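**Student:** Sharing a structure, written as structure tokens. Questions coming.
The values are calculated or read from the model by the stated rules, or taken from the named source; none is laboratory data. Remember, it's a predicted structure, so these values are computed and weren't measured experimentally. Neighbour counts run over all protein chains shown; Cβ positions are idealised from the backbone, glycine included. For the accessible areas, the whole protein counts, side chains as well, though only heavy atoms, and no ligand, DNA or RNA atoms are used. Shrake-Rupley method; radii C 1.70, N 1.55, O 1.52, S 1.80 Å.
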Amino acid sequence: MFNVIIKTVLIYFFTMFVMRLMGKRQAGELQPFELVIAVMMAEVATTPMDSPGVPITYGIIPVAVLLLMHNAISYISLKSEKLRGVISGRPSIVIHKGIIKNEELKSLSYNLGDLLEQLRAKDVINISDVHYAVLETNGELSVMLKPELRPLNPKDLGISPPNTGFSYDVIIDGKLKPKNMEMLGFSEQSLFSLLKRCNISRVRDVFFATSDETGNVTLQDYKGNQITGSIANG
Amino acid sequence: MAKKITIAVLALLLVGGALWQNIYINDSTEKMQALLEPVAAALSEKNWNDALASAKILNLEWDKEKRIYGALFDHEELDLISAAALRLNSFCEIRNLEGALSEAASFAYYIKHLKEIDSIRWENIF
């Protein structure tokens, strides 16, 4: 029994390590070759877990081989567009200028019901609202609405909203993140000054604090009090 | 960069490990087969003392090899070999020639089978 427990723990950590090496795409939307690898990995990794007589190498080695194959195929896909088309396929335009491409749907074995379902999942209830729809190689449907129906943006109204840049966590769970402060270009002292102005004496009293690139800070303490301020002139 | 190095190291370990295993299995199975020969020779001459002594040496060497084999093969395969070795020992003790010869043949077959499972062959792939 202990052997099964130990093997399970070891294989779990090894598989997790391999998934990390495979990159973030594994956790999100998968290309066909990645889906195959994910499914196979789940199968082979568990082989020694519940069989006391099967050595741990029977799980670890196939997982390692799958990692190497993943890297090899990813590299080939990166270098050769032609082979990328073979391995992952190509995106297909299924709605073109508002017209459903019936022949394309047939060639993809993708029926109208599937298309409508995917559109609803994208909050598009009326198919006539769609200008273009592209079925990606990972099975996702990318949708572009007709110009008169797409959401307005500031450019349409001739407005230039302020550029606040990216928002960084500066305090998480009572701990300061010095690297993020450095990325923002503000000193830690400016943050401490803000905390003092908000009657917060210690960083560890702050549940979280975020700052954008203009120094606008939003913070919340452990009592649920949320405060906004600025460290720009800090 | 660290990721590439890790993957390169993993690839080297995999290939290196496979090569090492191949060489090790070849050498150790040959060693076990060589250790079986004196047992078979002693049995053919009905020299029970020599047969038993050689069988005991075989068992001891097998117990050592089994530890490494345990990480490389399904334990069911290894259990068959262990059982054959023990039965060979027992048959030599009670001086049962047919039993001893039968177990010696079984042992030889299982050891050869281990080597075959590990080799790159059509039957092993398909």
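**Student:** When the stretch A:122-140 is examined, which residues are found to be farther than 25 Å from A:L83 by Cβ and hydrophobic (A, V, I, L, M, F, W, C)?
**Tutor:** Correct list: A:V124, A:I125, A:I127, A:V130, A:A133.
**Student:** Can we say A:V203 is surrounded by 10 or more Cβ atoms within 10 Å (Cβ to Cβ) and within 30 Å of A:K97 (Cβ to Cβ)?
**Tutor:** no
**Student:** Which one is most open to solvent (accessible area, probe 1.4 Å) among residues in the stretch A:164-186 that are within 16 Å of A:V206 (Cβ to Cβ), in contact (Cβ under 8 Å) with a residue 24 or more places away in the chain and in a loop (DSSP other than H, G, I, E, B)?
**Tutor:** In this case the residue turns out to be A:D173.
**Student:** I'd like the residue in the stretch B:31-40 that is exposed (fewer than 14 other Cβ atoms within 10 Å of the Cβ) and not small (G, A, S) and, out of all such residues, is nearest to the other protein chains (Cβ to nearest Cβ).
**Tutor:** Filtering the stretch B:31-40 for residues that are exposed (fewer than 14 other Cβ atoms within 10 Å of the Cβ) and not small (G, A, S), the one nearest to the other protein chains (Cβ to nearest Cβ) comes out as B:K31.
**Student:** Next question, about the same structure. So, A:G139, is that one under 23 Å from the mean Cα position of the chain (by Cα) and in contact (Cβ under 8 Å) with a residue 24 or more places away in the chain or not?
**Tutor:** Yes, satisfied.
**Student:** Which condition does B:L80 not pass, out of (1) open to solvent by less than 70 Å² (accessible area, probe 1.4 Å); (2) within 14 Å of chain A (Cβ to nearest Cβ), if it passes all the others?
**Tutor:** (1)
**Student:** Additional query: Which of the residues belonging to the stretch A:160-181 are under 21 Å from A:Y222 (Cα atoms) and of a type in the set (A, V, I, L, M)?
**Tutor:** Within the stretch A:160-181, A:V170, A:I171, A:I172, A:L176 meet the criteria.
**Student:** Tell me, please, whether a residue that is in a helix (DSSP H, G or I) and more than 30 Å from A:N111 (Cα to Cα) can be found in the stretch A:210-227.
**Tutor:** No: the stretch A:210-227 contains no residue that is in a helix (DSSP H, G or I) and more than 30 Å from A:N111 (Cα to Cα).
**Student:** Cβ contacts < 7 Å: first residue more than 11 Å from chain A (Cβ to nearest Cβ), restricted to the stretch B:1-30; second residue at pLDDT 90 or above and open to solvent by less than 70 Å² (accessible area, probe 1.4 Å), any location; separation 6+ or different chain. Result?
**Tutor:** The qualifying pairs are B:S28/B:E65; B:T29/B:I111.
**Student:** Right, A:G113: small (G, A, S), open to solvent by 30 Å² or more (accessible area, probe 1.4 Å) and in a loop (DSSP other than H, G, I, E, B) or not?
**Tutor:** No.
**Student:** If you don't mind, there's one more thing I want to ask. Among residues belonging to the stretch B:111-123 that are over 23 Å from B:S82 (Cα atoms) and in a helix (DSSP H, G or I), point out the one that is nearest to the chain's Cα centre (by Cα).
**Tutor:** Here the answer is B:E123.
**Student:** A:K106 is checked against (1) in the same structural domain as A:H131 (by TED's automatic domain parsing); (2) buried (at least 16 other Cβ atoms within 10 Å of the Cβ); (3) of a type outside the set (G, A, S) and fails just one. What number does that condition carry?
**Tutor:** (2) is the only condition that A:K106 fails.
**Student:** Of the conditions (1) at pLDDT 85 or above; (2) under 22 Å from the mean Cα position of the chain (by Cα); (3) open to solvent by 80 Å² or more (accessible area, probe 1.4 Å), A:L67 clears all except one; give me its number.
**Tutor:** That leaves (3) as the condition not met.
**Student:** Condition first: under 11 Å from the mean Cα position of the chain (by Cα) and surrounded by fewer than 20 Cβ atoms within 10 Å (Cβ to Cβ). Now tell me which residues in the stretch B:51-64 satisfy that.
**Tutor:** B:N59, B:E61, B:D63, B:K64
**Student:** Let me ask something else. With (1) touching a Leu at 6+ places or on another chain (Cβ under 9 Å); (2) within 13 Å of chain A (Cβ to nearest Cβ) as the list, and B:I57 as the residue in question, which single condition is left unmet?
**Tutor:** Here B:I57 clears every test but (2).
**Student:** While we're here: Give A:S128, A:S190 a once-over and let me know the one that is loosely packed, with under 15 Cβ neighbours inside 10 Å and not in a strand (DSSP E or B).
**Tutor:** It is A:S128.
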